[in-house]
Amino acid sequence: MDILETMMQQHHEEVLFTTDPVSGLKAIIAIHSTALGPALGGTRFFAYENEEAALADVLRLSQAMTLKAAAAGLDLGGGKGVIIGDPRQLRADPVRAERMFRAYARAVDSLGGRYITAEDVGTTVDDIVMMARETRHVAGLPTSHGGSGDPSPATAHGVFAGMEAVATHLWEQRSLEGRRVMVQGVGKVGAALVDLLTEAGAVVTISDVNSGKVKRVSAQSGCKVVDVGDAFDVECDIFAPCAMGGALNEETIPRLTASAVVGSANNQLATEKDAQRLLDRGIVYAPDFVVNAGGIINIMPEVRGLPYSWELLSGAIAGIYDTTRNVLRRAAELDTDTHQAAVALAQIRLDTIGSLGLRRSTDD
């Protein structure tokens, strides 16, 4: 990968590579944009196949965070961090784990607040607490530490609101009662989403590579379980990708029977062409960076040093319903796929409100 050329093409501002030989830390932090504010994005701890795969992921994820914050109307930019490795192996050695997370946090701190990190796949609120010993540029701290806590339930609430918007669009009825939903991935967000769906009377089916998670969620909710490889073939009304990205591609999309795709996973489309593939099949796609914004909305007061209040934030997260409906209407008006419609909406805010957009307009 020609790193600088790729950064130029995707409009990234900065990429930081950092290591700690003693703990084995190998990490990459990507800042895509600070046009609207400091770049916020979690740190993913994952056993990537190689460093090039990790770099490609952090570049895509950070770009998606810019779109997510802009579409949600937040004064935040987009960034992301990835740590290359197996979190389970690291946690078997608590001393090494502490050194690694604190070394990583010092790298975050070196960016002077241009990047604020939080938890993501493979990291926890306890890891964020450890990072906070080295830098104040973290978010998602436990409420006992004055933070907003785990953002996963808030993300699930936002996805649920997105599903309601799609239900209104397709069936002219907001209720999800009786709707068949296939939830692919029951990690922290997926499991919380299952709870919301079952409470709403939806008929839920789940799958996950982690058999322990599947058993636990199924026992609590009574939902059906299918093998991971069969998830795309389940007859359902809504398919909800809540695992890793790239699940929707030229091989899996033809297998879907769903009327809509609404999920929490980042970068669900393997390529932008997959949005058109979904449209060609008559499947309504609610763009991931629109419906999964509940987590960053939940974190926003903490970033700004304001008191946390779920009562106030729940209303803002429920606004994802209106944002999703707006995207669906705009796509129909422009005769384009919903991904492009959502990107266009986010770009309007970046160009008209963002500092980079204002400078660009002045230069013109």
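Check VAL95 against each of (1) surrounded by fewer than 19 Cβ atoms within 10 Å (Cβ to Cβ); (2) outside any helix (DSSP H, G or I) and name the one condition it does not meet.
(2)
Is region 107-122 home to any residue that is modelled with pLDDT of 95 or more, closer than 30 Å to GLY305 by Cβ, assigned to a helix (DSSP H, G or I) and among the aliphatic types (A, V, I, L, M)?
For region 107-122, residues modelled with pLDDT of 95 or more, closer than 30 Å to GLY305 by Cβ, assigned to a helix (DSSP H, G or I) and among the aliphatic types (A, V, I, L, M): present.
Look through region 129-164, keep the residues that are closer than 16 Å to MET300 by Cβ, in a helix (DSSP H, G or I) and β-branched (Val, Ile, Thr), and return whichever of them is nearest to the chain's Cα centre (by Cα).
Across region 129-164, the extreme among qualifying residues is THR155.
Which residues, counting only those in region 43-77, are surrounded by 24 or more Cβ atoms within 10 Å (Cβ to Cβ), under 28 Å from ARG91 (Cα atoms) and among the small types (Gly, Ala, Ser)?
If the condition is that a residue be surrounded by 24 or more Cβ atoms within 10 Å (Cβ to Cβ), under 28 Å from ARG91 (Cα atoms) and among the small types (Gly, Ala, Ser), then SER62 is the only one that fits.
Restricting to region 288-312, what's the tally of residues that are touching a residue at least 60 places away in the same chain (Cβ under 8 Å) and not in a helix (DSSP H, G or I)?
3
Quickly run through region 183-211 and pick out the residues that are among the β-branched types (Val, Ile, Thr) and under 14 Å from VAL121 (Cβ atoms).
Answer for region 183-211, where residues must be among the β-branched types (Val, Ile, Thr) and under 14 Å from VAL121 (Cβ atoms): VAL186, VAL189, VAL209.
Can you name the condition, by its number, that TYR285 falls short on among (1) more than 23 Å from ILE317 (Cβ to Cβ); (2) open to solvent by less than 10 Å² (accessible area, probe 1.4 Å); (3) touching a Leu at 6+ places or on another chain (Cβ under 8 Å)?
Of everything listed in (1) more than 23 Å from ILE317 (Cβ to Cβ); (2) open to solvent by less than 10 Å² (accessible area, probe 1.4 Å); (3) touching a Leu at 6+ places or on another chain (Cβ under 8 Å), TYR285 misses just condition (1).
Every residue in region 217-227 that is in contact (Cβ under 8 Å) with a residue 24 or more places away in the chain and assigned to a helix (DSSP H, G or I), please.
VAL217, GLN220, SER221
Which one is least open to solvent (accessible area, probe 1.4 Å), of the residues in region 170-214 that are of a type in the set (Lys, Arg) and part of a loop (DSSP other than H, G, I, E, B)?
ARG179
Does region 294-301 contain any residue that is open to solvent by 40 Å² or more (accessible area, probe 1.4 Å), small (Gly, Ala, Ser) and under 30 Å from HIS137 (Cα atoms)?
So far as region 294-301 goes, no, none of its residues is open to solvent by 40 Å² or more (accessible area, probe 1.4 Å), small (Gly, Ala, Ser) and under 30 Å from HIS137 (Cα atoms).
Name the one entry in TYR115, TYR104 that is open to solvent by less than 10 Å² (accessible area, probe 1.4 Å) and either among the small types (Gly, Ala, Ser) or under 30 Å from ASN326 (Cα atoms) (or both).
TYR115
How many residues are farther than 15 Å from HIS157 by Cβ and touching a His at 6+ places or on another chain (Cβ under 8 Å) when one looks only at region 264-306?
Counting residues in region 264-306 that are farther than 15 Å from HIS157 by Cβ and touching a His at 6+ places or on another chain (Cβ under 8 Å) gives 6.
Restricting region 20-36 to residues that are part of a loop (DSSP other than H, G, I, E, B) and crowded, with 20+ Cβ neighbours inside 10 Å, which is farthest from the chain's Cα centre (by Cα)?
SER23
Would you mind stating whether ARG136 is surrounded by 21 or more Cβ atoms within 10 Å (Cβ to Cβ), of a type in the set (Lys, Arg) and at negative phi?
In short, no.
Just one of PHE45, PHE17 is within 26 Å of ASP126 (Cα to Cα), of a type outside the set (D, E, K, R) and under 16 Å from the mean Cα position of the chain (by Cα); which is it?
It is PHE45.
Which of the residues spanning region 240-258 are out of contact with any helix residue (DSSP H, G or I) (no Cβ under 6 Å at 6 or more places or on another chain), outside any strand (DSSP E or B) and in contact (Cβ under 8 Å) with a residue 40 or more places away in the chain?
Within region 240-258, ALA243, MET244, GLY245, ALA247, ALA258 meet the criteria.
Report whether or not LEU40 is in contact (Cβ under 8 Å) with a residue 60 or more places away in the chain, within 26 Å of PRO94 (Cβ to Cβ) and surrounded by 17 or more Cβ atoms within 10 Å (Cβ to Cβ).
Judged against the criteria, LEU40 is not a match.
Filter region 259-284 down to residues that are β-branched (Val, Ile, Thr) and either part of a helix (DSSP H, G or I) or more than 18 Å from the chain's Cα centre (by Cα) (or both), then give me how many there are.
Qualifying residue count, region 259-284: 2.
Quick one: in region 215-242, which of the residues that are over 18 Å from SER264 (Cα atoms) and of a type in the set (Val, Ile, Thr) is most open to solvent (accessible area, probe 1.4 Å)?
The residue in question is VAL225.
Listed here are the residues, each with its yes/no results for (1) assigned to a helix (DSSP H, G or I); (2) of a type in the set (D, E, K, R).
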position: LEU59; (1), (2): yes, no
position: MET65; (1), (2): yes, no
position: ASP75; (1), (2): no, yes
position: ARG99; (1), (2): yes, yes
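If I ask for residues that are within 18 Å of the chain's Cα centre (by Cα) and not acidic (Asp, Glu), which ones from region 181-233 would you list?
Result: VAL183, GLN184, GLY185, VAL186, GLY187, LYS188, VAL189, GLY190, ALA191, ALA192, LEU193, VAL194.
The values are calculated or read from the model by the stated rules, or taken from the named source; none is laboratory data. This is a predicted model, so every value here is computed, not measured. In this analysis, Cβ positions are derived from the backbone assuming ideal geometry, glycine residues included, and neighbour counts consider all displayed protein chains. The protein model used for the area step is the full one, side chains on, heavy atoms only, and it has no ligands, DNA or RNA in it. Shrake-Rupley method; radii C 1.70, N 1.55, O 1.52, S 1.80 Å.
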